[in-house]
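Inspection log for the structure reproduced underneath, given as structure tokens.
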Amino acid sequence: LAAAGIALGLAGAWLAGRGTRTHRVSLRHYALVEAAVGVLGGLMPWMIGACAPLFGVAYRSLAGQPVLYNLVQFVVCGLVLLAPAVLMGTTLPLVTAVLVRAGGEVGARAGRLYALNTIGGAIGAAAAGFFLRPALGLRATGILAAAVNLTIALVAAVIARRVDGIEAGSKPGSTGPADANPAASRDPSARPPTTRDWPAPSLRTLLVLYGAAGFAALTLEVGWVRLVSLSIGSTTWGFTTTLLTFITGLALGGYVATRVPFLLRRPVASIVWLNVAIALWSLVSLAYLGALPVRVAELITDVGADWGAVVRGEVLLVASTILVPTLAMGAMFPLAV
């Protein structure tokens, strides 16, 4: 179901990407999307509750057919998640389109935007899994997150009014990236580097390769979640620990790649070696992951009943295994752009 939610988000990103090619977008569109996500997120507990009778009917009718019953659950939950997941997926392309119109180095800008968006996701995962859900419960946590979305929508709408006013007052015909940011067109350091290591692959080849990299990344994440759950337990804390480390690595990798000129100057070679590093590290770390249950048991024995220390130790144990490959995964995004 989590993978289906990601797929729906990517569908939203694809639709938004196509839309930005034919229509001029601004922060007003982003504000509307965030407001819609906030409203749907606030209603989510009641929407899920409304599905409970349907699950009961399906269980009684399909008690001897677990595959069909699980399929019904998957379809119903997917329909509930459809609108908010698709809308969430549109946010990054919308803001990226606004940045592209501002001019400058697109890869670096997109990488920093990706890093900021992803580190926000990591903080949200940690806050929800470790603090908010135990303290407030699921429903209140969801409502709080929805309120954050609505606040973001309000701030974006205010900024959009100011930006639209500035653009409306600019000289006629100043709609291109160079006009939107004249300094970027004059400053050589703001331009993309002209020397590349190898010719870039065709767009179709790049999309296929980057899609394969995404397939491998999510396959690894599912495996890591399973291994961690065997060590820590199939709990919210165990899932949050893996998710937090995974998302943090993606965010830091996307940011670091934009700050290392060598990587940006040699994007093709960098992507090659990043994938090699992911593969080798994942293979070498299997032995360490296999011993993770023993290490967790030793940690609990050492710290006793101090659960805060236990959680911190478990996060460090997981991070020491999967942080390096997730850094490489995150670094590939700005390089591919």
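The residues of the range 1-87 expose on average 61 square angstrom of accessible surface per residue, using a 1.4 Å probe on protein heavy atoms. Annotation for S61 and Y288: the two label points, set 7 Å from Cα along the Cα-Cβ direction, are 5.0 nm apart. Counting only heavy atoms of the protein chains and using a 1.4 Å probe, F239 has close to 100 Å² of accessible surface. Stretched out straight at 0.36 nm per residue, the stretch from A52 to L316 would grow longer than its current Cα-Cα span by 91.2 nm. Karplus-based coupling profile of the range 309-318, in residue order and whole Hz: 5, 4, 4, 4, x, 5, 4, 5, 4, 5, with θ = phi - 60° in 6.51 cos²θ - 1.76 cosθ + 1.60 and x standing for Gly or Pro.
On a full-extension model of 0.36 nm per residue, what is the gain between V256 and A140, subtracting their alpha-carbon distance, rounded to one decimal in nm? Could you put the intermediate results ahead of the total?
Numbers: separation 116, 0.36 × 116 = 41.76 nm, distance 3.53 nm.
Extra length from V256 to A140 when fully extended: 38.2 nm.
If you plug the beta carbon distance of H23 and T151 into 1/(1 + (r/R0)^6) with R0 = 22 Å, you get a FRET efficiency near 0.25. Using the alpha carbons alone, the radius of gyration of the range 231-337 stands to its Kirkwood radius in an Rg to Rh ratio of 1.07.
Mind ranking 143-150, 46-53, 131-138 by how tightly packed they are, going by the mean number of other C-beta atoms within 10 angstrom, highest first?
143-150, 131-138, 46-53
What is the sum of charges, Lys and Arg at +1 and Asp and Glu at -1, for the other residues whose Cβ falls under 15 Å from the Cβ of A331?
Values: positive: R112, R259, R265, R266; negative: none.
That sum, taken over residues with Cβ under 15 Å, equals +4.
Accessible-area rank, largest first, for H29, H23: H23, H29, with all protein chains present and a 1.4 angstrom probe.
Full extension of the chain between T205 and V158 gives 12.8 nm of extra length, using 0.36 nm per residue less the Cα-Cα distance. Expressed as a fraction of 2.2 N^0.38 Å, the C-alpha radius of gyration for the range 58-120 is 1.87.
The values are calculated or read from the model by the stated rules, or taken from the named source; none is laboratory data. Worth saying up front: this structure is predicted, and the values here are computed from it rather than measured. Please note: Cβ atoms are built from the backbone with ideal geometry, for glycine as well, and neighbour counts cover all protein chains shown. For the accessible areas, the whole protein counts, side chains as well, though only heavy atoms, and no ligand, DNA or RNA atoms are used. Shrake-Rupley method; radii C 1.70, N 1.55, O 1.52, S 1.80 Å.
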